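First comes the structure, then the notes that go with it.
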Amino acid sequence: MTVSPFDHPLLSGLLGDEEAARHFSVEADIAAMLIFERALAEAEAEEGVISRDAGVAIVKALAMFRPDTAKLRDGVAKDGVVVPELARQIKAAVGEPHGASVHFGATSQDVVDTSLVLRLRPAVEHISLLLSENVVRLTSLEEEFGSRALMAMTRMQPAIPMTVGDRIASWRSPLERHQQRLEEQSSRLFAVQFGGAAGTLEKLGDKAPAVRAALAAKLGLGDAPQWHSQRDALAEFAAWLSLVTGSLGKFGQDVALLAYGGTEIRLSGGGGSSAMPHKQNPVKAEALVALARFNATQLAGMHQALVHEQERSGAAWTLEWLILPQMVVATAAALRLSAELAGQIESLGR
């Protein structure tokens, strides 16, 4: 049983996206955390913060390390975050005399936030590909039906004649702008988080900038000052997700209204009714509207999560965990459904 429709055994067939969701699995999260700890040990050994022998011992132990997930779960219940127990287990695996060098100078938030960014990167690549597919499919529709006539509707009333191409432009152009927006904000989103206990990297002294730069390079992320309580890049990304699903919701709403009229669009593969076998319901179009409204609603929560008190907030941080993964999966699902819906349009216009 699940409380989320995105991984529900039944509802996920409509609202889920397995590729996006797998980046938020416990396996993906722990794997990314271990990647952080390995890269940190390597960077600190190279810069002389820990000994070379310690770096080698940590890397060797991590290659064979398998966490006790039951203890990790208990640790989260006690500590509010998984890293303290995870670090204890890694230190035990490394053993003496090098266990104390594990996680040196880092804090739990460094590990959790960098894990998130590492996992967002492939999820965003997947979303970007789906976005491109939607642009291509809408372009194909325009090439096939763009010159046909269509009645323009303003305030839900017939207005003046237009072309199908005019309508398709209102579907495709926002998606092309979203592609540009994503490219522009990526450098802010895909940045390492490394600040230590209170963001000052006090244990690393004057070697802190070099270690952070080396860590970022090893992870393939941007080098940036810590952003423990500065969550604007994540809120900006959430806003982008809502913009994408909002634009797809407009497409879905238009298709549903065209299907309601019944004369200007022909769709294949509509959904059936248990009571009315003759019906072909525009299920994918309806789901696009629902997902747009879902993300728009969740976005308010991500903006609430901007309010981190002082140098770190457990409450605002936890709120992000509740919201952002579902927004990512909702966006991927909407893009998948939108591409499928475009492929179901057999005729458009007159």
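Where a number appears in this text, it was derived from the coordinates with a stated rule and is not lab data. Keep in mind it's a predicted model, so treat the numbers as computed, not measured. Here Cβ is always computed from backbone atoms with ideal geometry, including for glycine, and neighbour counts include all displayed protein chains.
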If you take the beta carbon distance between Ser51 and Ala77 as r and set R0 to 51 Å, what does 1/(1 + (r/R0)^6) give as a FRET efficiency, to the nearest 0.05?
0.90
Considering the dipole of segment 113-247 built from charges on the beta carbon (Lys and Arg +1, Asp and Glu -1) around the Cα centre, which of Ile160, Gln226, Ala197 is farthest to its positive end?
Ala197
For the Glu144, Leu257 Cβ pair and Förster radius 22 Å, calculated FRET efficiency rounded to 0.05 is 0.60
What's the extension gain from Ala296 to Ser173 if we count 0.36 nm per residue and subtract their Cα-Cα distance?
42.3 nm
Given charges at beta-carbon only (K, R positive; D, E negative), |dipole| of the chain in Debye:
700 debye
List the lysines whose Cα lies under 19 Å from the Cα of Lys207, skipping any in the same chain that are fewer than 8 positions away.
Lys218
Gain upon complete extension [Ala210, Lys60; 0.36 nm per residue less C-alpha separation]
51.7 nm
Out of residues 5 or more away from Val82 or on other chains, whose amide H comes under 5 Å of its own, with H placed 1.01 Å from N in the peptide plane?
none
Helix-only mean residue ellipticity at 222 nm for the chain, each DSSP H run of n ≥ 4 adding -39500 (n - 2.57), per residue, nearest 500:
-22000 deg cm²/dmol
Interchain or sequence-distant (5+) residues whose placed amide H lies within less than 5 Å of the amide H of Ala191 are Gly222
Each label point is 7 Å from the Cα along the Cα-to-Cβ direction; what then is the distance between the points at Thr69 and Glu340, in nm?
2.7 nm
Gain on full stretching of the segment that runs from Glu133 to Ser268 - 0.36 nm per residue minus C-alpha separation:
46.7 nm
What order, most packed first, do the peptides 186-196, 105-115 have when packing is the mean number of other Cβ atoms within 10 Å of each residue?
105-115, 186-196
Taking the beta-carbon count within 10 Å as an exposure proxy, list Asp254, Asp223 from fewest neighbours to most.
Asp223, Asp254
Neighbourhood net charge (14 Å Cβ-Cβ; Lys/Arg +1, Asp/Glu -1) for Ala213:
-3
Over segment 205-350, relative contact order from alpha-carbon pairs under 8 Å, at least 6 apart, %:
32 percent
Correct choice for Rg/Rh (Cα atoms, Kirkwood Rh) that was computed from the model, options (1) 1.13; (2) 1.29; (3) 1.08:
(3)
Along the positive direction of the dipole of the chain (beta-carbon charges: Lys, Arg +1; Asp, Glu -1; about the Cα centre), which of Leu11, His303, His23 reaches farthest?
Leu11
Calculated FRET value between Ala159 and Glu18, using beta carbons and R₀ = 35 Å, to 0.05:
0.25
Relative contact order %, segment 12-348, counting alpha carbon pairs below 8 Å whose residues are six or more apart
21 percent
Amide H of Ser347: which non-local residues (sequence gap of 5 or more, or other chain) have their own amide H closer than 5 Å, using H built in the peptide plane?
Arg266
Positive dipole terminus of the chain, leading residue within Leu116, Val81, Ile345 (C-beta point charges)
Ile345
